[in-house]
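Okay, structure first, notes after.
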Amino acid sequence: MKYGVEDRFWVVVSPKPHSTLEDILFQASLKDLELQFKGGLTIEDNPTLFTDHWEAEVEAYGRFIAMKATQAIAKSGAGAKLRDATRLELLNADGNIVFDMDLPGEVK
């Protein structure tokens, strides 16, 4: 597939503590991306380009949820208690599991 300077794609960057989902997922062209880099976007922000909007949304949402979970754990002081956790589950509004995984026995 060929992309010119005006063709649009989806960009996902890693969130910062104050980010919203809209901050980390946006549509851009090569021209727009050049301006983003001139405005402060760096490689350390882990920009990832997508042609498919759904794939970009999934990536952005995953990064966003991980950041929010990390913030919540840090604020709660529950970090030490998490070492005893054995499973992680994400539930939808109906209480159905949309993601689950067993956690490693010891966090280092």
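Counting the residues of segment 50-74 that are hydroxyl-bearing (Ser, Thr, Tyr) and in a loop (DSSP other than H, G, I, E, B) gives 1.
Could you please let me know if residue 29 is surrounded by 15 or more Cβ atoms within 10 Å (Cβ to Cβ), at pLDDT 95 or above and under 25 Å from residue 62 (Cα atoms)? Yes.
Listed here are the residues, each with its yes/no results for (1) more than 14 Å from the chain's Cα centre (by Cα); (2) under 30 Å from residue 85 (Cβ atoms).
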| site | (1), (2) |
| --- | --- |
| 8 | yes, no |
| 16 | no, yes |
| 20 | no, yes |
| 32 | yes, no |
| 39 | yes, no |
| 46 | no, yes |
| 50 | no, no |
| 59 | no, yes |
| 70 | no, yes |
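Output the residues belonging to segment 44-90 that are surrounded by 12 or more Cβ atoms within 10 Å (Cβ to Cβ), modelled with pLDDT of 95 or more and aromatic (Phe, Trp, Tyr). Listed by number, the list holds a single entry, 50.
The values are calculated or read from the model by the stated rules, or taken from the named source; none is laboratory data. If you're wondering where the values come from, they're calculated on a predicted model, not measured in any experiment. Counting neighbours? That spans all protein chains shown, and the Cβs are built from the backbone with ideal geometry, glycine included.
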